[in-house]
Amino acid sequence: MAEQAGTLRRTPLSRDRILRAAVVLADGAGIESLSMRNLAQDLGVVPMALYKHVANKDELLDGMIDVVVGEIDPLLPDADWKPAVRARILSARQMLRRHPWAALAIESRNMATPAILGYLDSMVGALRAGGFSADLAHHVMHAMGSRILGFSQELFDASRRAGRSGVTEPEPPAPLPPEVAARFPHLAEIATAASHDDGSVVGQGCDDQFEFEFALDLLLDGLDRLRQQGWTSAHRFH
């Protein structure tokens, strides 16, 4: 073990090595634990050595995002647009499950990173190749929002409102108190209508993956109908 650690410390620093070590650190302890000092300690170097490869923490975070986005499966070759787009979105979601800090990190950037831009560009390309007009593809990307990257901003996700970025699972929400359920009977009814995953961030009794795929399939089916109808944005005035 000591020999392995010594070998790691003697490995020359590179931008890629730094970024991948930062991803491991964020995966293990949450993005809030990431600092140049902590990262340098993990790499066995002084903090100033990092700045030869990354200018600052913002550049570090951008690079980390590009590393994990690189884990998303490429588009399925020679596949119809819908299964190809669906599979890639679900691959993006699996990446985010491996790196729970990444969704909030992506949201926090003022400008999309090159890997994010490349991912989005290829998804628009898949839509265009599948018969979507540029006009409809534009509105598809708005409709999909963050779902195109594998996540959604859920209405009842307290962990996102709190800015949580660690790797532990969220606490399941408490059931509606009887007096609240009596006042809002329709919400109480649907809260117990399905039971899949007690650790859901969507709401008690919900399965995050099921709810994500349910909404994704609704969107894809609806968008396919618009494509077949030759929809254009001019139709909104009729």
*For 42, 78, write out the residues from largest to smallest accessible area, computed with a 1.4 angstrom probe and no ligands counted.*
78, 42
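Under the 0.36 nm per residue contour assumption, what length would be gained going from the current alpha-carbon distance of residue 229 and residue 80 to full extension?
Values: separation 149, 0.36 × 149 = 53.64 nm, distance 1.75 nm.
Stretched fully, the residue 229-residue 80 segment lengthens by 51.9 nm.
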*What order, most packed first, do the peptides 213-223, 24-34 have when packing is the mean number of other Cβ atoms within 10 Å of each residue?*
24-34, 213-223
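What order do 15, 227, 98 take when sorted by accessible area (1.4 Å probe), most exposed first?
98, 15, 227
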_Sequence of 90, 187, 75, 136 when ordered by accessible area, the most exposed leading, probe 1.4 angstrom_ = 187, 75, 90, 136
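Residues of segment 41-89: accessible area per residue at 1.4 Å, in Å²?
Numbers: 2620 Å² over 49 residues.
Dividing the accessible area of segment 41-89 by its residue count gives 53 Å².
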*asked:* What distance in nm lies between label points placed 7 Å from Cα along the C-beta direction at residue 35 and residue 11?
replied: 2.5 nm
*Of the heavy-atom accessible surface of segment 5-65 (probe 1.4 angstrom), what whole percent is carbon and sulfur?*
56 percent
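Pulled fully out, how much extra length does the chain show between residue 98 and residue 111, if you take 0.36 nm times their separation in residues and subtract their Cα-Cα distance? Don't jump to the answer; show the numbers that get you there.
On the way: separation 13, 0.36 × 13 = 4.68 nm, distance 2.33 nm.
The span from residue 98 to residue 111 would gain 2.4 nm if fully extended.
The values are calculated or read from the model by the stated rules, or taken from the named source; none is laboratory data. Note that the structure is predicted; figures quoted are calculated from it, not measured. Cβ: placed from backbone, ideal geometry, glycine included. Neighbour counts: every protein chain shown. The accessibility values were calculated without ligands, DNA or RNA, using every heavy atom of the protein model including side chains. Shrake-Rupley method; radii C 1.70, N 1.55, O 1.52, S 1.80 Å.
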